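Visitor: Have a look at this one before I ask anything.
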Amino acid sequence: MAWLLAAALLVPAAAAAAAAGAGLRIVGEHLPPSSMMEGETVVGRETRKVREIMARAGISYSIELLPWKRAYAQALREADTCLFSTSRTQEREAQFRWIGPLNEAEWVLYGLAERRLALHTLADARGLVIGTVLGDARDDYLRQHGMNVAPVTQEWLNPQKLLLGRIDLWAVGMAVGSKPFAGKAWENKVVPLLTFNRVQ
């Protein structure tokens with residue numbers, strides 16, 4: 001059984017496994033402001049929560065950032081490996097032992113303000129090209145709903161593709177109430193068009 005670090009305390013079995021070995025390996029992806037590198041150290045909003053959990057549990061650990069699909073596969077395949085942060089979906093429920101949540105998120109379709117697209121339901125996006133991240137829960141969800149997705153390996157590629165007109169929409173997962181594009185040069189060029197799901 002793989003472990004998923006999504007939060008507030010460690011399950012006792014994880015503590016026993018980590019105490020007996022070299023500790024837990026915690027993997028995530030580069031996704032500011034949740035997880036990112038600052039010099040040689042992984043930092044970020046969700047990373048701070050994970051470090052606090054581990055400190056309270058008294059378990060040794062390491063944290064590293066990998067491409068999302070690789071991090072996810074390693075958590076499924078390798079013993080004593082935890083994954084943070086990932087969306088808790090029905091399809092993933094049996095794959096992990098869940099700890100959490102670290103946060104709640106909304107899945108939002110963003111588009112260029114100048115295009116003035118109007119979406120009232122997810123069906124209104126049918127036929128449009130939606131930027132996603134390969135292996136991400138949003139990518140899976142949209143595929144299951146018959147949407148035309150154009151996945152990339154790193155999230156930061158999607159705003160570039162949107163601004164260049166290579167995708168029509170960008171499926172963004174963001175913490176409830178957050179402003180993920182604040183300070184970006186392009187923040188006023190993209191607008192939220194539809195919240196299509198809410199997850200922990």
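Visitor: Check cross-link reach from residue 69 to the lysines: straight Cα distance under 23 Å, and skip same-chain residues fewer than eight apart.
Guide: Within the straight-line limit of under 23 Å, residue 69 reaches these lysines: 49, 161.
Visitor: A further question on this structure: What residues qualify as long-range amide H neighbours of residue 150, i.e. H under 5 Å apart, gap of 5 or more or another chain, H built at 1.01 Å from N?
Guide: For residue 150, whose amide H was placed from the backbone, the distant partners under 5 Å are 130, 131, 132.
Visitor: Taking the Cα centre of segment 53-103 as origin and charging only Cβ (+1 Lys, Arg; -1 Asp, Glu), how large is the dipole, in debye to the nearest 20? Present the calculation step by step, with values, prior to reporting the outcome.
Guide: On the way: 7 positive and 5 negative charges, 15 e Å.
Dipole about the Cα centre, nearest 20: 80 debye.
Visitor: Got a number for carbon plus sulfur as a percent of the chain's accessible area, 1.4 Å probe? Display every interim value, and only then the final one.
Guide: Numbers: 5260 of 10210 Å².
Carbon and sulfur together cover 52 percent of it.
Visitor: If you don't mind, another one. What number comes out for accessible area per residue over the chain if the probe is 1.4 Å? Units Å², please.
Guide: Numbers: 10210 Å² over 200 residues.
On a per-residue basis, 51 Å².
Visitor: Still on this structure: Provide, as a two-decimal number, the C-alpha radius of gyration of segment 35-117 over 2.2 N^0.38 Å, N being how many residues it has. Display every interim value, and only then the final one.
Guide: Working: Rg = 15.7 Å, N = 83, 2.2 N^0.38 = 11.8 Å.
That works out to 1.33 for segment 35-117.
Visitor: Largest first and in whole Å, what are the equivalent-ellipsoid semi-axes of segment 91-200 based on the Cα gyration tensor, each being the root of 5 times an eigenvalue? Mind showing how you got there, number by number?
Guide: On the way: eigenvalues 103, 55, 36 Å².
Values for segment 91-200, descending: 23, 17, 13 Å.
Visitor: Also: Under 8 Å for C-alpha pairs, at least 6 residues apart: give me the relative contact order for the chain, rounded to a whole percent.
Guide: 27 percent
Visitor: With both bridge residues required to lie in the chain, what share of the DSSP beta bridges run antiparallel, to the nearest 5%? Walk me through the numbers on the way to the answer.
Guide: Working: 18 of 39 bridges.
Once the DSSP bridges in the chain are tallied, antiparallel ones form about 45 percent.
The values are calculated or read from the model by the stated rules, or taken from the named source; none is laboratory data. Source: prediction; values computed, not measured. No Cβ is skipped: glycine too gets one built from the backbone with ideal geometry, and neighbour counts run over all protein chains shown. These accessible areas exclude ligands, DNA and RNA; they are computed on the full protein's heavy atoms, side chains included. Shrake-Rupley method; radii C 1.70, N 1.55, O 1.52, S 1.80 Å.
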